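Asker: Take a look at the following structure, please.
The values are calculated or read from the model by the stated rules, or taken from the named source; none is laboratory data. These numbers come from a predicted model, not from an experiment. All Cβ positions, glycine included, derive from the backbone under ideal geometry; neighbour counts span all protein chains shown. Side chains included, ligands, DNA and RNA excluded: accessible areas come from the protein's heavy atoms. Shrake-Rupley method; radii C 1.70, N 1.55, O 1.52, S 1.80 Å.
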Amino acid sequence: MATTTHQKLLIIDFGSQVSQLIARRLREAQIYCEIHPYHQVTEDFIRLDFQPQAIILSGGPESVTQPDCPLPPPAIYEMNIPILGICYGQQVMMQQLGGRVEQGHPREFGRAILTPADRHKANHDPLLTGLFEESEEIVWMSHGDRVTQLADGFEVVAQSCHAPMAAVADPVKKFYGLQFHPEVHHTVNGAQIIANFGRLAGFRGDWTMSSFHDRARVKLRREIGDAHVICGLSGGVDSVVTAALIHRALPGQLTCVFVDHGLLRENEVRDVASLYQKHFNIPLEVVDASQRFLNALQGVKEPEAKRKIIGKHFIDIFKQQAAKITGATHLAQGTLYPDVIESVSPSGGPSATIKSHHNVGGLPEQLGLQLVEPLRELFKDEVRKLGRELGLPRQFLQRHPFPGPGLAIRCPGEVTQEKMDILRKADTIFIDQIRKHGLYDDIWQAFATLLPVKSVGVMGDDRTYEFVCALRAVTSIDGMTADSFAFSHAFLSETASKIVNEVRGINRVLYDITSKPPGTIEWE
Ligand code: XMP
C-alpha cells in the first residue's frame, strides 16, 4: 500500500528482468514510483488506494498473442492519466485499445537503430524531446512479437529496422508505446525518455532526499510516539542510516545492539562503536559472543549448515539483549525497497533458494516487537544520499556491503580462530591496497577468501606449506549480477606479494574472475 503524499507513478510489472531499472530511472528524475505485479493491481487499487498520476506498463516474457496473457485492468485507459507501455507493455496497450500484435519475423534482440518517422514531428514529440540530435538513436530491443496495426488515435513516431512501430503515440490521450527498452543502459538516451515521460505527465520532481527526510521524521514520530526502539547493527550502511534517522527524529529513544560474532573484519567493532558514540551519542550495546559462535561452528563445513547455525545463535543472542532493554517495544530494521518489491518471477514460480540469507529478518514475530522500517521505499544509492543528509561520515556511507554471516562464508570448510585471524589480515591488506590505488569507490565489493587448501611454496631457503587465499572484487549495480573488477596485473602482483610476505599462514594468492551468474559474489 502506498504511504506517501507526494506525486506518484505506478509501474505495473509483467515480469521483465529489468522492471527495477524503470524505477531506478524514475527515481533519478526525482519521481516517486512503486512497482506492483500485474496480478495484484486491481481497478480499486489504482483508483482508490494508489491514485497514480501516471502509469508505466513494463515489459515481460509473455506474448499477447496467447490466450490468458497477463493484462492490466482496462479501466486504466479511462482514467485520463498518461500511460507509457514498454515492449510487452506497448503490445498489451495496443491490443486492449483495438490494435493488432503479431509474432515478429525476424525477432529483434540487442542493439538497434531508431530513426524518426517524421523528423520535425519527432523533435516536437514530448516523449522524445532532446533525442535525434544525430539523425538516429541507439536503443536496446528484446522482443519476439511486434505491433502491426495501431489502435485508433495513435501515430508512429519512430521506427527500427524490424519494428516499424518502435515508438508510437496518442498525443491527445498522452498514451505512448515503445517497442525498445528505455530503462536499460544500452539505450543511450533512455533515461532522457523516462524523464520526459515524467515531465509530460506533470511530475514536478518532488522526490528529493530532503523531502523524504522531512516526511520520514514526521512518520517515525507518529508511528513510535514515546516508545523505545532497538536497532540491530551490522556495521553496514543500511543499519547505520536507519539508526541515525531514528535518533534524529526521536532523540533519546533508541538503543543499538551490535552482536560481535567473531566473524567480523579487522577493527569493525572499534570503528562502529566510535561512530555511534563519538558522532551520534547513541547508546550502543556491544555483545561479545565470538567464542559462542566459534564453538557452535566447530567441525561444520557445509555452507548452508554454517549459515543456519549463525542465524540461530544471532537470533538467540539478540532476543536475550532485547529482553534486557526496558520499555523497548519497537524493532528498527534497514530493509530496502529491492527487498520488498514482489516482482513477477519470469519462470512463474518462486525462485530457487541459492543461499539462506542472514540478517535480522524473522526477528519481530519471535520477539513480540513492532517493526519499524523507515528505508522501505529507498534504493541503496538513495540510502547513501540520505546518510549524507544526516551528516554521516563518508567512510561509512561508501562502505562495501558486508554479509550477516561475516567471514564464515569467506572461509570454505571449517571455521577456526586461527583461520579467521589469517583471513582478517589478508582482507585488510587487500582493502588497504584498493584504497591506496584510489579504486575503492569503483568497486561494489571486495574481499579475501581463505581456501581450505594448502600448497607448497618456498620462502628464503625454506619450504612452506600454507593456505591459499583467493581475492574477489566485483562491479555491480545491486548485487544481483556482477562482473569481476579488471585490476591491472601490476596491482595484483603487488597485492599478492604483500599478502604472502606479511601474512603468516598464506603462501599463494589467486584472483577470482568469475562473474555472477554463474558464480555468486560470496564463495558460500
Ligand atoms: P551472493 O553471494 O548471493 O551475494 O552473490 C550478494 C550480496 O549479498 C551479500 N550477502 C549477504 N548479505 N546476509 C547479508 O546481509 C547474508 O546472509 C548474505 N549473503 C550474501 C553479499 O555480500 C553480496 O553483497
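Asker: Using mean Cβ contacts within 10 Å as the protection proxy, how do 15-27, 377-389, 115-127 order, highest first?
Answerer: Ranking, from highest mean packing down: 15-27, 377-389, 115-127.
Asker: Would you please put 151-160, 40-49, 282-291 in order of how densely packed they are, using the mean number of other Cβ atoms within 10 angstrom per residue and starting with the highest?
Answerer: In descending order of packing, they fall as 151-160, 282-291, 40-49.
Asker: Counting only protein heavy atoms and using a 1.4 Å probe, what share of the accessible area of the chain belongs to carbon plus sulfur, as a whole percent? Numbers along the way, then the final one.
Answerer: Details: 11550 of 23360 Å².
Answer for the chain: carbon and sulfur cover 49 percent of the accessible area.
Asker: Divide, for the range 1-89, the radius of gyration over alpha carbons by 2.2 N^0.38 Å, where N is the residue count. Don't skip to the answer; put the middle values down first.
Answerer: Values: Rg = 12.5 Å, N = 89, 2.2 N^0.38 = 12.1 Å.
It is 1.03.
Asker: While we're here: Give me the 1.4 Å probe accessible area per residue for the range 416-512, excluding ligands and nucleic acids, in Å².
Answerer: That works out to 50 Å² per residue.
Asker: Please report the antiparallel percentage of DSSP beta bridges with both residues in the range 8-200, rounded to the nearest 5. Write down the numbers at each step before the final one.
Answerer: Values: 20 of 37 bridges.
Roughly 55 percent of the DSSP beta bridges within the range 8-200 come out antiparallel.
Asker: What do you get for the angle between helix 380-389 and the principal long axis of the chain? Use alpha-carbon atoms, 0 to 90 degrees, nearest ten.
Answerer: Here the helix axis deviates by roughly 70 degrees.
Asker: Roughly how tilted is helix 19-28, in degrees to the nearest 10 and between 0 and 90, from the longest Cα axis of the chain?
Answerer: Orientation of helix 19-28: about 90 degrees from the principal axis.
Asker: Next question. What percent do you get for the relative contact order of the chain when only Cα pairs under 8 Å and 6+ apart count?
Answerer: 11 percent
Asker: Here's something else I'd like to know. With a ≥ b ≥ c taken as the square roots of the eigenvalues of the C-alpha gyration tensor of the range 8-200, please select rounded if a/c is under 1.5 and otherwise prolate if a/b is larger than b/c or oblate if it is not?
Answerer: rounded
Asker: Average the reciprocal distances over every distinct pair of alpha-carbons in the chain, invert the result, and give the Kirkwood radius in Å. Numbers along the way, then the final one.
Answerer: On the way: mean 1/r = 0.0391 Å⁻¹.
It is 25.6 Å.
Asker: Using protein chains only and a probe of 1.4 angstrom, how many square angstrom of W523 are accessible, to the nearest 10?
Answerer: Spelled out: W523, probe radius 1.4 Å, area about 110 Å².
Asker: Can you tell me what share of the DSSP beta bridges in the chain is antiparallel? A percent to the nearest 5 is fine.
Answerer: 50 percent
Asker: Would you be so kind as to identify which of A216, Q95, T329 lies farthest towards the positive end of the dipole of the chain, taking Lys and Arg as +1 and Asp and Glu as -1 on Cβ and the Cα centre as origin?
Answerer: T329
Asker: Follow-up question, since we're still on this one. Nearest 20 debye, what's the magnitude of the dipole of the chain about its Cα centre given +1 on Lys and Arg Cβ and -1 on Asp and Glu Cβ?
Answerer: Rounded to the nearest 20 debye, it is 1220 debye.
Asker: With 21 Å as the limit, write out which pairs from K380/K436; K425/K516; K419/K454; K319/K419; K380/K498 have Cα-Cα distances beyond it, or answer none.
Answerer: K380/K436; K425/K516; K319/K419; K380/K498
Asker: To the nearest 10 Å², what's E134's accessible area with a 1.4 Å probe?
Answerer: 130 Å²
Asker: Let me ask you something else. Taking the 0 to 90 degree range and rounding to the nearest ten, how far is the long axis of helix 190-200 tilted relative to the main principal axis of the chain, both from C-alpha atoms?
Answerer: 60 degrees
Asker: Please compute the per residue accessible area over the range 121-206 with all protein chains in place, 1.4 Å probe, rounded to a whole number of Å².
Answerer: Each residue of the range 121-206 exposes 42 Å² on average to a 1.4 Å probe.
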